[in-house]
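Presented below is the structure to which this report refers.
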Amino acid sequence: MTSVEAKSTTDSELDAIFRPIFDRIAEGALAREIDRSLPYEEAGWLREAKFGALRVPVEFGGYGVTVRQLFRLLIELAAAESNLPQALRVHFSFVEDQLLAEPGPQRERWLRALAEGTLVGNAITEPGVGAADRYQTALTAKGDQLVLNGVKYYSTGSLYADHILVAADRDGERVSILVDADAEGVTQHDDWDGFGQRLTASGTTEFVDVPVAADRVLGPGYGGAGATYATSYLQLVQLAVLAGIARRAERDTRAWVAARTRVYSHSAGAIPREDPLVQQVIGRLSAAAFAAEASVLAVADVLDRALDNGAKNEEDLVAAELAATQAQISVIDLVLPATTQLFEVGGASVVSERLRLDRHWRNARTISVHNPVIQKAKAIGDHLLNGADLPFAWNAGERKPSA
């Protein structure tokens, strides 16, 4: 069985454990943004509380939660610090892969390691020519040993991780490899230069003759053909981040308005919080946060069903992919306008660097360009009108000209 069979930790128990940690993380979010200080300590708090083991069954030392419970907490974490759920995105899909694996010593070993706090980052996307044809990062034989060579970008979360899940080519086959983050030949760079989500550690990772044990070659790599749960799952983490950003934007804007006394001479209220126009902005922000969260949890329910069936039923997988793609379009359409309109509650002072309210729009805009929404909207239309297959795992890079 791949579903969680032991009793799941309840929502109230999870809240008692994690909300105090989320509150501590939120306290330093603005300072980290201003200083561009990577949240190593905060990631450590999550590690100590076994946040990464939320989906690990209780019998292996985890919390045994449902997909819905996981994504509810990811939204709350994103409201505290939007960079951290994105940094853990591939970690949670790695956990899911272990839950879906055939029972045996290796599965149990990894589940117990995850329950003890092990975190997994990723090195999938490649710069330049990329992997539209095949990965340039390659696993090859060197004498009697396998070695890994290549360069990756957008290695999100790997600076916080113990292991890095690497997508590579092995004689024309896509494979997944798990490499120790501190292995000889691994060099990581904090050179992500996006204007948002600045603390996700999404920089370059270099692999030079990194030794790879046979049991660290985990099977087919990302980007293979066929339906999979993974793309909808990974997309949903991004949408949980957007929902959390909307929630934090509403809270921060509401707090700023509530404490403010300056108004324009032609305002409709004596103070900003009594102005019905300002009230309307807060109301729209609140509605966007609510609807974004509801969309994420609705997709989580679809994923729960697909994963409970072992992620083998193609109809379930297509339903999850379609739901995640539809939610991607709707959540982005909710959150981006809301994080722009929040500036209407005040004059020039609302754009103060001290407040950094712009970070909510910058973070939301950055998340929203992952898996570009224009491509997803087209895929939905083609699927519904013409029965075209949805694009599951896909890659970025230069495509070879058609023959």
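The values are calculated or read from the model by the stated rules, or taken from the named source; none is laboratory data. What you see is a predicted model; the values in this text were computed from it and never measured. Cβ: placed from backbone, ideal geometry, glycine included. Neighbour counts: every protein chain shown. All accessible areas refer to the heavy atoms of the entire protein, side chains included, with ligands and DNA or RNA removed. Shrake-Rupley method; radii C 1.70, N 1.55, O 1.52, S 1.80 Å.
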- prompt: Antiparallel DSSP bridges in the chain: what percent, to the nearest 5?
  reply: 85 percent
statement: In degrees, nearest 10, the alpha-carbon axis of helix 314-341 is tilted away from the dominant principal axis of the alpha carbons of the chain by 30 degrees
statement: XL table LYS312/LYS400; LYS7/LYS312; LYS50/LYS378; LYS152/LYS376; LYS312/LYS376; Cα-Cα > 29 Å flagged, in table order, is LYS312/LYS400; LYS50/LYS378
query: Which Cα, out of VAL208, ASN395, SER267, lies furthest along the positive dipole direction of the chain (beta carbon charges, K/R +1, D/E -1)?
result: SER267
message: Give me the net charge for the shell around ARG170: Cβ to Cβ below 14 angstrom, other residues only, Lys and Arg +1, Asp and Glu -1.
response: +1
task: Between beta-carbons, use under 14 Å as the cut-off and find the net charge around THR231, counting Lys and Arg +1, Asp and Glu -1.
output: -4
message: Output the 0 to 90 degree angle, nearest 10, between the alpha-carbon long axis of helix 11-27 and the longest principal axis computed from the alpha carbons of the chain.
response: 70 degrees
- prompt: Rounded to the nearest whole Å², what accessible area per residue is found for region 1-96 with the 1.4 Å probe?
  reply: 37 Å²
field: Sulfur and carbon atoms: percent of accessible area, region 1-80 [1.4 Å]
entry: 53 percent
- prompt: Could you give the Stokes-Einstein D for region 260-328 in µm² per second, using the C-alpha Kirkwood radius, 10 °C, 1.306 mPa s?
  reply: 106 µm²/s
message: For the full complex of protein chains and a 1.4 angstrom probe, list LYS142, LYS312 by accessible area with the highest value first.
response: LYS312, LYS142
field: Within the chain: Cβ-based charge dipole about Cα centre, in debye rounded to nearest 20 (Lys, Arg +1; Asp, Glu -1)
entry: 1120 debye
message: Can you compute the helix-only [θ] at 222 nm over the chain? Use -39500 (n - 2.57) per DSSP H run of at least 4 residues, normalise by all residues, nearest 500 deg cm²/dmol.
response: -15500 deg cm²/dmol
statement: Computed ³J(HN,Hα) along region 104-114: with the Karplus parameters 6.51/-1.76/1.60, θ = phi - 60°, integer Hz and x for glycine or proline, the list is x, x, 5, 4, 5, 4, 6, 5, 5, 5, 5
For region 273-403, alpha-carbon Rg relative to the globular expectation (2.2 N^0.38 Å, N residues): 1.36
message: Restricting everything to alpha-carbon atoms, can you work out Rg to Rh for region 149-198 with a Kirkwood hydrodynamic radius?
response: 1.00
field: Diffusion constant of the chain at 20 °C, which comes from Stokes-Einstein with the Kirkwood Cα-pair radius and 1.002 mPa s, µm²/s
entry: 97 µm²/s
- request: Report, to the nearest 10°, how far helix 89-100 tilts away from the longest principal axis of the Cα atoms in the chain, using its own Cα long axis and a range of 0 to 90°.
  value: 50 degrees
statement: Taking a probe of 1.4 Å and leaving out DNA, RNA and ligands, region 219-267 shows per residue an accessible area in Å² of 42 Å²
statement: Taking 84-92, 258-266, 278-286 and ranking on average Cβ neighbours within 10 Å, highest first, one gets 84-92, 278-286, 258-266
Accessible surface of region 262-403 [probe 1.4 Å, protein heavy atoms]: carbon and sulfur percent: 54 percent
message: Name the residue from LEU234, ALA26, SER286 whose Cα lies farthest towards the positive end of the charge dipole of the chain, charges +1 on Cβ of Lys and Arg and -1 on Cβ of Asp and Glu.
response: SER286
message: Please list 3J(HN,Hα) in residue order for region 44-51, calculated via the Karplus relation 6.51 cos²θ - 1.76 cosθ + 1.60 where θ = phi - 60°; whole Hz, with x for glycine and proline.
response: x, 4, 5, 4, 4, 7, 6, 4
- line: Result for region 275-403: accessible area per residue, probe 1.4 angstrom, in square angstrom, of 52 Å²
message: Cβ neighbours within 10 Å, averaged per peptide: list 379-386, 214-221 in order, most packed at the top.
response: 214-221, 379-386
Charged-residue dipole, Cβ positions (Lys, Arg, Asp, Glu), region 1-87 about Cα centre, Debye nearest 20: 240 debye
